[in-house]
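I have placed the structure first, in the form of structure tokens, so that the comments after it can refer back to it.
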Amino acid sequence: MERLFLYLDKEVLKARRVEAYETLTKPLVWKDLEFEYTTSPLLMINWPIILPELSPSTARSLLDLVGARYPFSPYHQELKGICPELLFTKASDEWVFFGGTFNPWHKGHQACLDLLPEDKICFILPDRSPLKELKVLEPVSNIIELVRKIKFGKNHYIAPTFLLDFNTNPTITWIEKLHHDFPNKKHSLLMGFDSIRNIMKWVRPEDLLNIVDTIYVSSRLEDDEEREEVAIPLKKIAPKINIVFLGRHEFENLSSTAIRAGNK
């Protein structure tokens, strides 16, 4: 079993391997990973950078542990019982979730992040789409590729919470529980206009719309009339929801589907 020292630097998890000459004073185990939480920043690096150095099973265990840091993880309470120091605790009255397959991540996705007000805490959630055929993904390489491409703001966090589960994961299933557990917290979504235009095809869309506080939308070549055609019916379903159009950007024509087709 491989061993790591783990360290938190302003909510960013960092790690380094335990050298052969070092011992763990209070070793903890998370699946195939033995670790110790430390307050020493010595030689620590951001956790995704260390993934290629680890065995496949240990890398997946680290991915799983990182996902469990966040309160929307089904394993959050388990990690809390083992090592509460690793939990995400940054104070905020609103959490914004940016979910998608991101296959591949492109400049249109990045524009969504860049247009979101920088004070918003945003969790990037790579996942499998409930509306698409399930495909086997290698989660470790997927995260390595995403982290290589994403330009993170100070309040952006990639959360591999759902990536290790090979099943569909409708947004309503986890955000409903989150709303129950944190009723005073605002739960919001970030998406492109193409996604909000199709949101009524999602699982239990009416329930979702009445839980979510705000939907932040980046443009995808739509005009003002198209925005009204989408927003007005949604507000009739959920009168309290806020729909915030973030503005235009130069990569509105990009899509992952077209990029994949072009790479074939």
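The values are calculated or read from the model by the stated rules, or taken from the named source; none is laboratory data. On a predicted model such as this, the values are computed, not experimentally measured, just so you know. Because the Cβ atoms are built from the backbone with ideal geometry, glycine has one as well, and the counts that use them run over all protein chains shown.
Just one of the listed residues (Ser256, Ser218) is closer than 13 Å to Lys107 by Cα and at pLDDT 95 or above, namely Ser218. Please verify whether segment 50-70 includes one or more residues that are touching a helix residue (DSSP H, G or I) at 6+ places or on another chain (Cβ under 7 Å), farther than 23 Å from Glu145 by Cα and surrounded by 21 or more Cβ atoms within 10 Å (Cβ to Cβ). No, because not a single residue in segment 50-70 is touching a helix residue (DSSP H, G or I) at 6+ places or on another chain (Cβ under 7 Å), farther than 23 Å from Glu145 by Cα and surrounded by 21 or more Cβ atoms within 10 Å (Cβ to Cβ).
Taken together, the residues in segment 25-71 that are outside any loop (DSSP other than H, G, I, E, B), among the charged types (D, E, K, R) and within 14 Å of Tyr7 (Cβ to Cβ) amount to 1. On the stretch given as segment 142-174, residues that are in contact (Cβ under 8 Å) with a residue 40 or more places away in the chain and over 24 Å from Leu13 (Cα atoms) total 4.
Within segment 38-49, restricting attention to residues that are surrounded by fewer than 16 Cβ atoms within 10 Å (Cβ to Cβ) and not small (Gly, Ala, Ser), the residue that is nearest to Ile143 (Cα to Cα) is Ile49. Looking only at segment 25-48, residues that are closer than 20 Å to Ala68 by Cβ and aliphatic (A, V, I, L, M) come to 4 in all.
When the strands (runs of 3 or more DSSP E) confined to segment 118-233 are screened for residues that are more than 23 Å from Leu65 (Cα to Cα), those reaching at least 3 such residues are found at 186-192, 214-218. Each residue in segment 37-76 was checked for being among the basic types (Lys, Arg) and touching a Leu at 6+ places or on another chain (Cβ under 6 Å), and 1 of them qualify. Considering (1) of a type in the set (A, V, I, L, M, F, W, C); (2) crowded, with 18+ Cβ neighbours inside 10 Å; (3) modelled with pLDDT of 95 or more, the lone condition that Phe162 does not fulfil carries the number (3).
Within segment 9-26, the only residue that satisfies the criterion of being loosely packed, with under 11 Cβ neighbours inside 10 Å, within 28 Å of the chain's Cα centre (by Cα) and within 16 Å of Leu42 (Cβ to Cβ) is Asp9.
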